[in-house]
Amino acid sequence: MNQAKSRDTEIFKGIALFTPGGDLIYCIDPSKQGRWHLHLCAGLQEILNLSEPPHFLVPCYTATIDRWLDPQTQQIQTYAEAYPLVLRYQALLNAVFQTDVVWQAAPVAEGLCDPILLTTYRATFPQLWEENDLVVRFERSRPESLSTQHAQTPYVLHLFVAGHSATTERILQSLRQVLEQFHYPYTLKVIDVIKHPEQAEIDQVAATPTLVKVSPKPMRRLVGDLDNVERLLQILTSPEV
């Protein structure tokens, strides 16, 4: 009986979210419920007094650990992975999750953590680039009290551009500013059609810049003027099918 209870305390899912400056907010959840990434973003917003939840951190600055009981061997199994930008924090991750494992590098789709795109957030979220020596455990009971807007399914957006230039940077800055006005989580992947013409062909992209809303369905696209707020709002708010 005591052994079973001890095993229950060892079975959990842990999510860690870092800032570019090295601050950390994390959770330990034995029930392994979902949407923790969004709750951690909301937690950072509150702690650092940010204007918006920093959802752009999720694809690039997170680490995840999963511990489960193997039904065949009855042994605790562990899998831990971290995105390349936070692999250097393995010692800290092992400390907060009370483990001693080697963290694997999580695969990152090309264009998802584009340096130019990440730089465009610095002016809006300067606190995230500061070193505050912050390590915060986000308590399990808190997500239920958060606004439901933070629990919505994030948009998945693909932006097709032709090379990385000053024009591309301007487009990214403008697009991000418009998207942040919606107070809605999103993931933006930048795809260079010069390097990846096959991807442009698959998504039937004939001109740049083109923004494609991959999900939620239906898929929608906006070509050319990405500063047009009304048109952008139309493709983002199209009813699901």
Applied in sequence order to segment 229-234, the curve 6.51 cos²θ - 1.76 cosθ + 1.60 (Karplus, θ = phi - 60°) yields integer Hz couplings, x standing for Gly and Pro, of 5, 5, 5, 5, 5, 4
Quick one: which residues, 5+ away or cross-chain, put their amide H under 5 Å from the amide H of Y186? H built at 1.01 Å from N. Y155
Given H placed 1.01 Å from N in the peptide plane, which residues other than close sequence neighbours of A106 have an amide H under 5 Å from its amide H? A82, Y83
Can you list the HN-Hα couplings for segment 15-21, worked out from phi with the Karplus curve (6.51, -1.76, 1.60; θ = phi - 60°), rounded to whole Hz and with x for Gly and Pro? 10, 10, 10, 9, 9, x, x
Using the Karplus curve 6.51 cos²θ - 1.76 cosθ + 1.60 with θ = phi - 60°, work out ³J(HN,Hα) for each residue of segment 218-225 in order, rounded to whole Hz, and write x for Gly and Pro. x, 5, 9, 9, 10, 10, x, 6
Other-chain or far-sequence residues with amide H under 5 Å of F12's (modelled H): R67
What order do you get for 107-115, 43-51, 21-29 when each peptide is scored by the mean count of other beta carbon atoms within 10 Å, highest first? 21-29, 43-51, 107-115
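Values in this text are rule-based calculations from the coordinates and carry no lab data. Here the structure is a predicted model, which is why all the values come from computation and not from measurement. With ideal geometry, Cβ positions are generated from the backbone for all residues, glycine too; neighbour counts draw on all protein chains shown.
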